[in-house]
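The values are calculated or read from the model by the stated rules, or taken from the named source; none is laboratory data. Bear in mind that the values here come from a model prediction, so they are computed numbers and not experimental data. Glycine also receives a Cβ, built like all others from the backbone with ideal geometry; neighbour counts cover every protein chain displayed. When the accessible area is computed, the model is the full protein with side chains, heavy atoms only, and any ligands, DNA or RNA have been set aside. Shrake-Rupley method; radii C 1.70, N 1.55, O 1.52, S 1.80 Å.
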Amino acid sequence: MTDARKIKVNGREVEVAPNLTLLQACEAAGEEIPRFCYHERLSVAGNCRMCLIEVKGGPPKPVASCAQNVRDLRSGPNGEPPELFTNTPMVKKAREGVMEFLLINHPLDCPICDQGGECDLQDQAMAYGRDGSRYEENKRAVEEKHMGPLIKTIMTRCIQCTRCIRFATEIAGVDDLGLVNRGENAEITTYLEKAIESELTGNLIDVCPVGALTSRPYAFNARPWELSKTETVDVMDAVGSNIRVDARGREVMRILPRLHADVNEEWISDKTRFIWDGLKRQRLDKPYVRENGKLRPASWDEAFSVVAAKLTSTAPARVAAIVGDLVPAEAIKALKDLTDALGAPHRDCRQDGAPLGARNGGAREGYLFNSGIAGIGRADRILLIGTNPRWEAPLVNARIRRAWLADLNLKIALIGEQCDLTFAYDHLGAGAESLAKGGDFLKGAERPMVIIGMGAIARADGAAILADIASLAAAAGVVKDGWNGFNILHMAASRVAALDLDFLPKEGGRDFAGILKGVEEKAIDVVYNIGCDEFDASRLNGAFVVYQGHHGDIGARHADVIFPGASYVEQSGVYANMEGRAQMTNRAHFPFGEAREDWAIIRALSDRLGKALPYDDLFALRQAMIADAPALGRIDEGPTGAAPLDLSKIGAKGAVSAEPFRSPIRDFYMTNPIARASKTMAECSAAMTGAVRMAAE
């Protein structure tokens, strides 16, 4: 720390950076500073005054430590380091006075408040407040506000810290919240009494230091001390947000974010946070066998016997396997080994048809978000192609917005559908004919970044478009020493791990579209489907379909045998996010009914087929998986950018359609089986669809 400055905190000398606030400097020295309005990732408001400290040589009154920097401190008359005090009688009296004012109108309804036990106001009133109040006047009351189906408001509890306003404006990029009136009449409102139109609204619950904003779906369901807490990883998109799952018995009660500076910081999307009620609805909890056109419950032994009989009587060249978006890497490895043992060449993990994989790029970096999610802040030009990151990866979109706010010189352009991304951008065109403009846009940038969405490449001419994008990226210097700005924005949590494991067609095998066509042409008789639900499953009706999954969704409706699997909160599994960062989920509770972990089902089936896979436990399977794809063993290792990427090997030259790029997501809240089973997501979908329709009118 070359430009560090010496200061004294409670008599102890420390060196800190001069750009730190006094609050940060005190905490660096090991002192705890109470606060309500201050938040590390939001702008400074300085309006709660709870962080008061004493500065020697400063004004004869307490100083708000969040609103003054170390560089503003004056040294002593003889050059002595500035001195700060956090525990003097002046500070104690000031904090007690602030707390007394904050509680004047607070309803003090802790026993019935959902924030009880996790409330900053409650904790700090105990630690820094007085033991009584001198105010006997009537408390004021404030009307509740409508903030949509996710946020429950009791605004009488609000202490006007404005954290929610700053989060909505700065991070989420919506202007739906604000503070109106002054003095005693001040209140935070949504202006027009409408739902907050953002995919990040649930984070308002986390930033609120009191019980003014709480979770509507979770209201009155549980107390925090009743819940078992499991640290795990989200699979609703390919960001790999770090989360904590709170469960009571076999019921998930809520999902909260965990801090990971390089991935999701401390935010999560609304789909990640409120999906939990879908985890217990429409579940597959026992095996099923189709008989006389109808599915009926069966035992595991019977289900295995039916499938084994069909597979052993079918030629390997007429057997196919497909993998969906929420499947852990261990199950993908097990199914790959089973298809190899059977000699079946037809398999694919790309149900959207994106032409990605080691064979299409020559290297793993050909299908990764190579700059890393945290690396977005280093770019000086960003070109978005065929993507709507606000829906496909809300936290990536928030990173782009933060970079746009922080760097006035950052330029952003979009080729594809125009939409509100919460930041300004140049719209260069709608389809492939505008790629040349994208190349011109990137020229001259020191750290250019290309972000390629599935809307551009998950189509029939995707390989040709990918090759054209790679060509313009090469010409613009997107990949150079110390910088790799070639980024694929995935939407499926399991996709990167499946590509790492090469769950792709073998020599002479069919890809996903080819498998569907093969079924229709009577060339494929058996399809093993793990969790594929985002396609027209009725196209498999000509084959014998084995569906393995955890929800009775699209894939299960067209299955002949159903194996009930475990969801991501019911099994330990490895997922690689869009950066290629391997992360591990942990089991929060056991699967429902007779459901089993995905890899264990495949291992048991292989035994019944007489082709037992060479591992009997999860550890042995992971050893085999890591031998197959070493990157999956490097847990939480982000993109290094060390491996070279030859852009000339990306994609394949060919004819390109004039059809405009279109994001695959048409409804943010209905993108997977868990979401479609969630009542909360259905309410959000209805509310936001209505809001979009009203805006269009």
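Going through the range 23-40 one residue at a time, which ones are closer than 25 Å to T169 by Cα and in contact with a helix residue (DSSP H, G or I) (Cβ under 7 Å, 6 or more places away or on another chain)?
Within the range 23-40, L23, P34, R35, F36, C37, Y38, H39 meet the criteria.
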Where a residue in the range 401-412 is free of Cβ contacts under 8 Å to residues at least 40 places away in the same chain and its partner, wherever it lies, is acidic (D, E) and open to solvent by 20 Å² or more (accessible area, probe 1.4 Å), with Cβ under 7 Å and at least six apart: N409/D380; L410/D380
Being open to solvent by 30 Å² or more (accessible area, probe 1.4 Å), of a type in the set (D, E, K, R) and within 30 Å of N484 (Cβ to Cβ): is that true of E534 here? yes
Kindly indicate whether R459 is under 17 Å from I376 (Cα atoms), open to solvent by 10 Å² or more (accessible area, probe 1.4 Å), within 27 Å of the chain's Cα centre (by Cα) and of a type in the set (D, E, K, R). no
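For the range 150-159, enumerate the residues that are more than 17 Å from I112 (Cβ to Cβ) and either modelled with pLDDT under 90 or not in a loop (DSSP other than H, G, I, E, B) (or both).
Of the residues in the range 150-159, the ones more than 17 Å from I112 (Cβ to Cβ) are 150-151, 159.
Result: I151, single match.
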Of everything in the range 484-509, what is farther than 17 Å from V239 by Cα and open to solvent by 10 Å² or more (accessible area, probe 1.4 Å)? Give them in sequence order. N484, D502, P505, K506, E507, G508, G509
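Starting from residues that are open to solvent by 40 Å² or more (accessible area, probe 1.4 Å) and assigned to a helix (DSSP H, G or I), keep the ones in the range 605-617 and report whichever is nearest to A309 (Cα to Cα).
Taking the candidates together, the pick is R608.
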Does A612 fit the bill of being more than 17 Å from Y568 (Cβ to Cβ) and among the aliphatic types (A, V, I, L, M)? yes
Exactly one of these conditions fails for T190: (1) on the phi < 0 side of the Ramachandran plot; (2) open to solvent by 10 Å² or more (accessible area, probe 1.4 Å); (3) in contact (Cβ under 8 Å) with a residue 40 or more places away in the chain; (4) more than 25 Å from the chain's Cα centre (by Cα). Give me its number. (2)
Lone unmet requirement of (1) touching a residue at least 40 places away in the same chain (Cβ under 8 Å); (2) of a type in the set (A, V, I, L, M, F, W, C); (3) over 27 Å from Y568 (Cβ atoms) for A317: (1)
Odd one out for T272, checked against (1) more than 26 Å from L342 (Cα to Cα); (2) in a loop (DSSP other than H, G, I, E, B); (3) β-branched (V, I, T): (2)
Look at the range 624-665 and say how many of its residues are on the phi > 0 side of the Ramachandran plot and open to solvent by less than 40 Å² (accessible area, probe 1.4 Å). 1
So if I check each of A582, A643, which one is under 30 Å from the mean Cα position of the chain (by Cα) and at pLDDT 95 or above? A582
Name the helices (runs of 4 or more DSSP H) wholly within the range 330-417 that hold at least 1 residues that are open to solvent by less than 20 Å² (accessible area, probe 1.4 Å) and at pLDDT below 90? 358-361
Among the numbered conditions (1) under 21 Å from Q124 (Cβ atoms); (2) open to solvent by 40 Å² or more (accessible area, probe 1.4 Å); (3) within 41 Å of the chain's Cα centre (by Cα), tell me where P89 comes up short. (3)
Among the residues of the range 22-42, count how many are within 32 Å of the chain's Cα centre (by Cα) and either touching a residue at least 60 places away in the same chain (Cβ under 8 Å) or crowded, with 23+ Cβ neighbours inside 10 Å (or both). 9
Considering each residue of the range 141-168, count those that are in contact (Cβ under 8 Å) with a residue 12 or more places away in the chain and open to solvent by 50 Å² or more (accessible area, probe 1.4 Å), and give that number. 3
